[in-house]
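The values are calculated or read from the model by the stated rules, or taken from the named source; none is laboratory data. This is a predicted model, so every value here is computed, not measured. Cβ placement follows ideal geometry from the backbone for every residue including glycine, while neighbour counts extend to all protein chains displayed.
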Amino acid sequence: MRGFSKAIITGNLTRDPELRTTPNGASVCSFSVAVNRVYKDANGAQREDVSFIDCSAWGKLGEMINQYAKKGSGVLVSGRLDQRSWEDKNTGQKRSRTEIVVEDFNFTGSAPSSNGTSSFGASDTVTSADSAEGSSDPADAPAGGDIPADAEGQIDLSEVPF
């Protein structure tokens, strides 16, 4: 039987995204999303809990997230769960990390651009070209060309190639 992994979260970026390039030349963007949950405890008092979810986005999707998302941006992220394990070189302890490998990304509010205007709105979506088979393997990272922008640097979402 084939497994299935899908995670959908909405929240706010806890820090500016970080973009790096792998030795194979693939771009990967890392960021964390704070997800708030409000609930009532056993005494009926309202409580709030926050979870911090690590995310990574590959290729053009990661580059666009890095360019337009900033700390505090409201986002909706969907993708597959991925867990990695390793041994800490300094302490010898086993470590593990679970993250969402992003396949779809939406801004849930507006993200400020460098000229103070909003370049994305609540209905704007950025989708990975390989969302059906999302991969963290740099060789499988989506490829794409330049995204057309108008004279003010705003992206025309109808021209996005994915």
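Tabulated data for the structure shown
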{"quantity": "Tally of residues being in contact (Cβ under 8 Å) with a residue 24 or more places away in the chain and not in a strand (DSSP E or B) across segment 1-22", "calculated": "7"}
{"quantity": "Qualifying residue in segment 38-56 (condition: of a type outside the set (Asp, Glu) and in contact with a Pro (Cβ under 7 Å, 6 or more places away or on another chain))", "calculated": "no"}
{"quantity": "Every residue from segment 24-56 that is out of contact with any strand residue (DSSP E or B) (no Cβ under 8 Å at 6 or more places or on another chain) and in contact (Cβ under 8 Å) with a residue 24 or more places away in the chain", "calculated": "24, 25"}
{"quantity": "Hits in segment 1-20 (condition: modelled with pLDDT under 95 and either among the hydrophobic types (A, V, I, L, M, F, W, C) or more than 16 Å from residue 104 (Cα to Cα) (or both))", "calculated": "1, 2, 3, 4"}
{"quantity": "Those residues of segment 66-100 which are surrounded by 17 or more Cβ atoms within 10 Å (Cβ to Cβ), among the small types (Gly, Ala, Ser) and in a strand (DSSP E or B), in sequence order", "calculated": "74, 78, 79"}
{"quantity": "Scope segment 57-100; condition among the acidic types (Asp, Glu) and touching a residue at least 40 places away in the same chain (Cβ under 8 Å); matching residues", "calculated": "63, 82, 99"}
{"quantity": "Residue within segment 45-55 that is touching a Leu at 6+ places or on another chain (Cβ under 8 Å) and outside any loop (DSSP other than H, G, I, E, B) present", "calculated": "no"}
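Table: residues versus (1) over 9 Å from the mean Cα position of the chain (by Cα); (2) modelled with pLDDT of 95 or more.
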{"residue": "25", "(1), (2)": "yes, no"}
{"residue": "29", "(1), (2)": "no, yes"}
{"residue": "32", "(1), (2)": "no, yes"}
{"residue": "38", "(1), (2)": "yes, no"}
{"residue": "52", "(1), (2)": "yes, yes"}
{"residue": "56", "(1), (2)": "no, yes"}
{"residue": "59", "(1), (2)": "yes, yes"}
{"residue": "63", "(1), (2)": "yes, yes"}
